[in-house]
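> Take a look at this one; I'll ask things after.
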Amino acid sequence: MTKSGRLGIVIGIGSYLLPLIVTSLSTVIVNQFDPLDGELGESVQMVTGLESTISFYGILEILTDMKLLNSELGRLALSSSLTNTLLNMTLGTVLVVLSDIQEAGIGSINLLNLMSFMLIVIFIVFIIRPVMVWMMRQTPEGKRLKNEHVIALNIMVVCSYFVSESMGLIGFWGPIILGVITPLIPPMGSLLTDKMEAFVWSVFLPCFLINSGKGVNLFSTTLTGFLIVEFLIWVATTVKLFAIIIPSLYYKMPFMDALSLGLLLNCRGIYDIQIFSRSNRRKMLSDESYGVMVMTAMLKSAIALPLLRVFYDTSRRYVAYKRRTIQHTRHDAELRILACIYEENNVATIINVLGASIFPQRPMELHVLNLEEYVGHSLPLVISHRLDKMPSSSKPTKIDFILNAFRQFEQQSSGSLSLQCFTATAPYDSMHEDICSMTFEKCTSLVIIPFQKTNSYVIKKITKKVLKMAPCSVGILFDRREFMNSRHIFTHRSAINVCVIFLGGPDDREALAYGARMTGDQNAMLTIIRFFAVNHATKDLIEEKNDLNLISGLRMSTMDSKNVRYIKHSVKEGSETFHVINSIGNDFELILTGRTHDYCSPVLSGLVEWSESQELGVVGDILASSDFKSNASVMVMQQQASVVEEMVIQSPGFVLK
């Protein structure tokens, strides 16, 4: 709740209290013109209360389906809905207790119910949880729970519900406490979820929906009842919409984002239908009101969700208002980099690459983002790690290894490196949001993403989305596992040979700028291989001029250096380019190149058709192919694409800080 700032709390409180007050006043006005009696009169108060709420669980499911779970809008929506839900639960409980006291006195508060609840909590925490831990110990690492253990856990869920009901409590309290104390780590958290959710969604959910739909009978609804309930619903919806939009605009959120948030928080989901159904079974909501509320909830979601997809563009807020590239960063300025890590094998190569471009004259601010798939958790998380905290268990985890490696890297950098480490837990479908948000918030000039041709489809999809949306330059690091072994990452600096393949264009200029930054170290040897097309006039004279200016400036600044070589190759067609690149051999540990080029140029003729990895571009794909006779790792650079000069893009991210 607090991570989204004041705005989330203000919206959560306002979106509950204002609709509740206005709708209650509307009920009083309606009652003066047409007295409400019978079942309709008794259920109007419940309609007022239910329509003022925002279901946290319903919003969570909608955001998951729309892949907005860890976007700025998603985080703000979750914060607001959680505040609204907790306020509703708190006020509801207080009002029920006060009502009981008023009707039957202080003795009506049943202490036995409280004691029953405490007994269930103690039994589950101190008996059931140790049994779960024992099951985990009996499961080999990386394996799923045994079938008999899964069956036992399902029996526990059913029994906890039965015991709660038998002791006079609401039945679902038992399973909720059981779920809260269940360990999140595999094999209990994520693997148990995978094992059970298919059955829940394919069997239980359809049964629940069918059962809920049986109670909807619009033909038995009177016209008066229909109009009154619909009037109250749309009054609550309208007031709630304004209660969300007005504070958002006050906090400088763009109108379209505020409208999107208002539409999102007015949507209804399965959990809301469950609340309606439970109120109907307990005779707190008439069949007539229940049917109208269910149908209206479907109608509101059917209208709001398509409009939300139209109004809210997640990539809009990542448009940068100034250059965030290595080329446009001063050589003596601090270079800010975000390094993403999927697995432990990425660590050594990333440290070696970064180590070649860091020394006292050119400091670096490094942010390390450990990426974990969203499983077994209720919410996506971004965790900041303390570097001085040692592993808490005798068996180091992945993050312990990462922290230890970068901690030593920082110590060996002699004060030239400032370091922060994070873990982002998110669904693969929206993991790029965490990467782009982090680069935007930290104002980085480069984000490095590990890449392998054997990566799964979802990993490649993340890379493509980052390339499309990142507010800074992107480096795709293809690791052949040789660079990580060629130099020990924590010993004295040994010589590193870097090659830049230059065909022209902004991406190649970014690769050259990063290579040039390494020349400040006497141990780095830089070779620039530039390709020209024979008898081919360049169409874009501005790009050609920018290329010449950068190369000329580099050659002038390194005129007296023996660490920089400049090689020209004139080629007629793509096959010659391929042979020249393939002849590089094992002379280099790292090769830098741009991602996009002029594909109409004869330099690449015939090569575009054979490109397999769109993320790497044509030249990068050649360097990463198994036919390339070299053990060098490859960094494919894409320069920041979208820049809006002299313009600040307002977004929830700006406002909430």
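> Is it the case, given these coordinates, that Tyr321 is open to solvent by 40 Å² or more (accessible area, probe 1.4 Å), at pLDDT below 90 and not acidic (Asp, Glu)? Walk me through it before giving the result.
On the way: open to solvent by 40 Å² or more (accessible area, probe 1.4 Å): yes; at pLDDT below 90: yes; not acidic (Asp, Glu): yes.
In short, yes.
> If you check Thr577, Thr596, Thr527, which single one turns out to be at pLDDT 85 or above, assigned to a strand (DSSP E or B) and of a type in the set (S, T, N, Q)?
On the way: Thr577 fails: assigned to a strand (DSSP E or B); Thr596 fails: assigned to a strand (DSSP E or B).
Exactly one of Thr577, Thr596, Thr527 is at pLDDT 85 or above, assigned to a strand (DSSP E or B) and of a type in the set (S, T, N, Q), namely Thr527.
> What are the residues in region 55-98 that are outside any helix (DSSP H, G or I) and small (Gly, Ala, Ser), if any? Before the answer, list the steps.
Of all residues in region 55-98, those outside any helix (DSSP H, G or I) come to 55, 66-71.
Passing the criteria: Ser55, Ser71.
> Which condition number does Lys629 fail, the rest of (1) surrounded by fewer than 13 Cβ atoms within 10 Å (Cβ to Cβ); (2) within 29 Å of Pro471 (Cα to Cα); (3) among the basic types (Lys, Arg) being met?
(2)
> Now, a different point. Starting from region 549-563, take each residue that is in a loop (DSSP other than H, G, I, E, B) and list its partners that are of a type outside the set (D, E, K, R) and open to solvent by 40 Å² or more (accessible area, probe 1.4 Å), counting only C-beta distances under 6 angstrom and pairs at least six apart or across chains.
From residues that are in a loop (DSSP other than H, G, I, E, B), the pairs are Asn563/Met525.
Here is a yes/no grid of residues against (1) over 30 Å from Thr222 (Cα atoms); (2) modelled with pLDDT of 95 or more; (3) surrounded by fewer than 20 Cβ atoms within 10 Å (Cβ to Cβ):
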site	(1), (2), (3)
Tyr250	yes, no, yes
Met253	yes, no, no
Asp257	yes, no, no
Arg268	no, no, no
Asp272	no, no, no
Gly291	no, no, no
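> A further question on this structure: Going by the conditions given, is Pro206 touching a helix residue (DSSP H, G or I) at 6+ places or on another chain (Cβ under 6 Å) and of a type outside the set (Val, Ile, Thr)? Spell out how you get there, then give the answer.
Details: touching a helix residue (DSSP H, G or I) at 6+ places or on another chain (Cβ under 6 Å): no; of a type outside the set (Val, Ile, Thr): yes.
Criteria not met by Pro206.
> Next question. Scan region 599-623 for residues that are over 30 Å from Gly355 (Cβ atoms), part of a helix (DSSP H, G or I) and touching a strand residue (DSSP E or B) at 6+ places or on another chain (Cβ under 8 Å) and jot them down.
Hits for region 599-623 are Pro602, Val603.
> Okay, next question. Scanning for something on the phi > 0 side of the Ramachandran plot and buried (at least 19 other Cβ atoms within 10 Å of the Cβ), does region 603-617 turn up at least one residue?
yes
> Let me ask something additional. With the condition kept exactly as written, say whether any residue in region 118-125 is part of a helix (DSSP H, G or I), open to solvent by 90 Å² or more (accessible area, probe 1.4 Å) and closer than 22 Å to Phe204 by Cβ. Quick ask: steps written out before the conclusion?
Filtering region 118-125 for residues part of a helix (DSSP H, G or I) gives 118-125.
Checking the rest, the ones that are also open to solvent by 90 Å² or more (accessible area, probe 1.4 Å) come to 118-119, 123.
Filter again for closer than 22 Å to Phe204 by Cβ, leaving none.
No - not one qualifying residue is present in region 118-125.
> Can you run down the residue pairs with Cβ atoms below 7 Å, 6 or more apart or on separate chains, where the first is in region 329-340 and at pLDDT below 85 and the partner is part of a strand (DSSP E or B)?
His331/Arg362; Asp332/Arg362
> Would you confirm whether or not region 547-562 contains a residue that is open to solvent by less than 20 Å² (accessible area, probe 1.4 Å), within 27 Å of Leu354 (Cβ to Cβ), touching a Ser or Thr at 6+ places or on another chain (Cβ under 6 Å) and modelled with pLDDT of 85 or more?
No.
> Taking the options Ile101, Ile109, Ile59, name whichever one is at pLDDT 85 or above and of a type outside the set (Gly, Ala, Ser).
On the way: Ile101 fails: at pLDDT 85 or above; Ile109 fails: at pLDDT 85 or above.
Answer to the check: Ile59.
> Only residues in region 503-525 that are under 17 Å from Ser633 (Cα atoms) count as the first member; pair them with residues that are in a loop (DSSP other than H, G, I, E, B) and not small (Gly, Ala, Ser), Cβ under 7 angstrom, at least 6 apart or cross-chain, and list the lot.
Tyr514/Ile326; Ala524/Asn563; Met525/Asn563
> Would you call Val150 surrounded by 14 or more Cβ atoms within 10 Å (Cβ to Cβ) and either among the β-branched types (Val, Ile, Thr) or at pLDDT below 85 (or both)? Walk me through it before giving the result.
Numbers: surrounded by 14 or more Cβ atoms within 10 Å (Cβ to Cβ): yes; either among the β-branched types (Val, Ile, Thr) or at pLDDT below 85 (or both): yes.
In short, yes.
> I would also like to ask the following. Show the residue pairs that are 6+ apart or on different chains and have beta-carbon atoms under 6 Å apart, the first residue being within region 150-164 and closer than 17 Å to Ser116 by Cα, the second being assigned to a helix (DSSP H, G or I) and open to solvent by 60 Å² or more (accessible area, probe 1.4 Å).
Filtered contacts from region 150-164: Ser164/Trp173.
> Hey, Leu78 hits all of (1) modelled with pLDDT of 80 or more; (2) buried (at least 20 other Cβ atoms within 10 Å of the Cβ); (3) touching a helix residue (DSSP H, G or I) at 6+ places or on another chain (Cβ under 6 Å) but one; which does it fall short on?
Every listed condition holds for Leu78 apart from (3).
> Within region 289-308, work out how many residues are within 22 Å of Leu261 (Cα to Cα) and touching an Asp or Glu at 6+ places or on another chain (Cβ under 7 Å).
Selection size over region 289-308: 2.
> Let me ask another. If I ask for residues that are open to solvent by 80 Å² or more (accessible area, probe 1.4 Å) and either more than 25 Å from Thr425 (Cβ to Cβ) or touching a residue at least 60 places away in the same chain (Cβ under 8 Å) (or both), which ones from region 181-198 would you list?
Those that are open to solvent by 80 Å² or more (accessible area, probe 1.4 Å) and either more than 25 Å from Thr425 (Cβ to Cβ) or touching a residue at least 60 places away in the same chain (Cβ under 8 Å) (or both): Leu184, Ile185, Pro186.
> Now, a different point. So which residues in region 354-370 are surrounded by fewer than 20 Cβ atoms within 10 Å (Cβ to Cβ) and farther than 9 Å from Gly520 by Cβ, if there are any at all? Walk me through how you get there before you give the answer.
Within region 354-370, the subset surrounded by fewer than 20 Cβ atoms within 10 Å (Cβ to Cβ) is 360-365.
The answer is Pro360, Pro363, Met364, Glu365.
One line per residue, one yes/no per condition, for (1) without any contact (Cβ under 8 Å) to a residue 24 or more places away in the chain; (2) within 35 Å of the chain's Cα centre (by Cα); (3) more than 30 Å from Ile11 (Cβ to Cβ):
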site	(1), (2), (3)
Gly215	no, no, yes
Leu218	no, no, yes
Thr238	yes, yes, no
Ile245	yes, yes, no
Met256	no, yes, no
Leu261	no, yes, no
Asn266	no, yes, no
Ser286	no, no, yes
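> Also, I was wondering about something else. I need the full set of residues from region 1-46 which are among the polar types (S, T, N, Q) and open to solvent by 90 Å² or more (accessible area, probe 1.4 Å), in order please.
Within region 1-46, the first condition is being among the polar types (S, T, N, Q), and the residues that meet it are 2, 4, 15, 23-24, 26-27, 31-32, 43, 45.
Once the filter is applied, which keeps residues that are among the polar types (S, T, N, Q) and open to solvent by 90 Å² or more (accessible area, probe 1.4 Å), region 1-46 yields Thr2, Gln32, Gln45.
> Please verify whether region 417-426 includes one or more residues that are open to solvent by 20 Å² or more (accessible area, probe 1.4 Å), within 21 Å of Pro363 (Cα to Cα) and small (Gly, Ala, Ser).
Yes: one or more hits.
The values are calculated or read from the model by the stated rules, or taken from the named source; none is laboratory data. All of these numbers come straight from a predicted model, not from anything done at the bench. Every residue, glycine as well, gets a Cβ built from its backbone with ideal geometry; the counts of neighbours run over all protein chains shown. The accessibility values were calculated without ligands, DNA or RNA, using every heavy atom of the protein model including side chains. Shrake-Rupley method; radii C 1.70, N 1.55, O 1.52, S 1.80 Å.
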